[in-house]
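Take a look at the structure set out below.
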Amino acid sequence: MPRMQRCCFICLTALALTALALNTAAVAQQPAPSTADAVFLRFDKNKDGKLVKQELPPGLLRLLTRADADKDGVLTKDEIQKSGIRIRFTRPGGQNGRSSEFTIPAIKDLMRVDRDTRPTRQAMINSAFVLKTQPHAVQGDKYVIVTDHVEPSYRESLARLAGHRQGVILQVDDLSLLYKDPQAMEALRQKLRDVGVRYVAIAPRLASFRENMLLGMWQILATLDDDPQLDAYPGVLLASDPQKFAALIERSIQHKGVGKANPLRPFAISQVRTATELRSLQKAGVMRKMFSALGYATPTLAIYGTQARNALKLEAADIWNVHCETRQKFVKQLPEPAAREFHKASLVIMHGHGIPGMSCGMDVDGIPRDFSGKVLLCGSCFSAAPAVSDLPAMSRAPGGYTVGQRDAFAQRAIDNGATVVFAHMRLNSGFPHLFPVLESWMAGQSVGQAYQQLLNALIALQDLQPDQFVVRPQAAGRRLPQNRLLYVVFGDPALTPLGDLSPKPKTR
């Protein structure tokens, strides 16, 4: 992750006519604006459609001279467009003079990457690429629940789900220790083969939900046949107490995908940590543009850090910009109009940094208590952090945040009523891995299908073999190839979260 400087400045050089274009969007339902629109969005503070010397920073005064065709001391959009001048934003003192362009690309224009096609350096900096995934067929047709729950209340909920899905329950002693027992793993593997598994709902006790528990299950599912790919569609069922677990199961059974009676209502949340770190804001723009093309508005909350006071902002009636008071004090309350839109939302997509207790600038205590029926995709680190970890503790997370022991964002969302949550136990790669899951769900695939395709693509990308999935104590460290396999999708694997998303008229 590149080092972010404390401020940015705008530099117009003699190469301005050939420099890279700056594109931004005031309203993402419309095409990305030209350079003139971007300049006026940033500097026309009184919104009178004119720029004068007092409104421009020193680095852009030459723009006034070069583009002011009638020499009246006032710039118009038409004058800038006709001048052909292009502008670039540069970080001072370092980063090899790398320009910090803000663009809002269309999904179709983003590079699809795999082991043979790698992203460019600029795409890596901005997380502006998408992992390529593909279907991987499974042979069975049975719904299987694997659990170590023994309490009657949990077992009753699982029996209800198994009855609904016409599935079976396979009991193990302790999911958190299963990976340490080759004989127990082989016994479960054989049972899955014998029953003809298609969907596997992994239902651990709260104390069993750990990194190697998940990785051990991937090892089993990747060795049902000879290829190193997962051969079943997984999902994780977890809640903090029996009542919340029963509610999750009931929501899963009652869930209905997008339709006339249940229109899609997306909501985006993005974090802007510093004035130059705009990739998460970019992803909000990407989502707005994509959903707009399908006929849906995407209300957006942008959360700005203490180093982002002067950062670029997207402007629209359904965009709300809020600021954190201090570096470690996060947003706990949404602006009232944003809260109303959030309440109506069926799909929430978040981009930004995270630690246990915070995702994308929002404090876990700020999660609305009524998260009923929502599908959440959270692209932040530690958004599904376990209460007890198999891996060494980290004191600092990307973004410079202090890591402490607090509730995970995803767990609180499930407890508060979410039906499906995509998150990560440790260091999340964000949009490039989040979007393929959303894309699969938008194509009508189930929770488990999208989850399996993401994991299989990551296994292929890392060239990991099943016996390398589990993290051994001697290999545990900050940079682990297995980290990429620690994505978690809480939800019934056979559930279809979204359904048909063919173009429809706007719902707002």
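Here are some notes:
- Along the chain, the exposed loop sites are GluC sites (Glu not before Pro) outside DSSP states H, G, I, E and B with at most 15 other Cβ atoms within 10 Å, and the longest stretch free of them is 1-314.
- Zone of Leu177's modelled label, taken as backbone nitrogen in the stretch 195-227 under 19 Å from a point 7 Å along Cα→Cβ: 203-217
- Spatial separation of Cα centroids for the stretch 429-478 and the stretch 297-340, in angstrom: 30
- Note on Lys45: lysines with a C-alpha under 22 Å away, same-chain residues under 8 apart excluded, are Lys53, Lys71, Lys77, Lys313.
- Extending 7 Å from Cα along the Cβ direction at Ala106 and again at Val74 yields two label points whose distance is 3.7 nm.
- Taking other Cβ atoms within 10 Å as a rough exposure proxy, Thr76, Thr65 sort from fewest to most as Thr65, Thr76.
- Share antiparallel - DSSP beta bridges, the chain, percent rounded to 5: 30
- Across the chain the C-alpha pair distances fall into 10 Å bins from zero in the proportions 4, 19, 29, 24, 14, 7, 3, 1, 0 percent.
- Label-to-label distance, Leu206 versus Gln134, with points set 7 angstrom from Cα along the beta-carbon direction: 4.3 nm.
- Over the chain: helical MRE at 222 nm, DSSP H runs n ≥ 4 each giving -39500 (n - 2.57), nearest 500: -8500 deg cm²/dmol
- Summarised as an ellipsoid, the stretch 360-459 has semi-axes of 23, 18, 11 Å, derived from the eigenvalues of the Cα gyration tensor scaled by 5 and square-rooted, with the largest first.
- Computed E for Thr117/Asp225 - FRET, C-beta separation, R0 41 angstrom, nearest 0.05: 0.95
- Chain lengthening between Lys344 and Ser372 when straightened (0.36 nm per residue, less Cα-Cα): 9.1 nm
- By the Stokes-Einstein formula, at 1.002 mPa s and 20 °C, the stretch 144-185 with its Kirkwood radius over alpha-carbon pairs has D equal to 194 µm²/s.
- Across Lys289/Lys374; Lys289/Lys329; Lys108/Lys132; Lys132/Lys180, pairs whose alpha-carbon gap is larger than 23 Å: Lys289/Lys329; Lys132/Lys180
- Whole-angstrom gap from the stretch 140-174 to the stretch 34-73, using each part's C-alpha centre: 65
Read-outs throughout are calculated quantities, based only on the coordinates presented, and are distinct from any laboratory measurement. All values reported here derive from a predicted model rather than from experimental measurement. Using ideal geometry, Cβ is built from the backbone for each residue, glycine included, and neighbour counts are taken over all protein chains shown.
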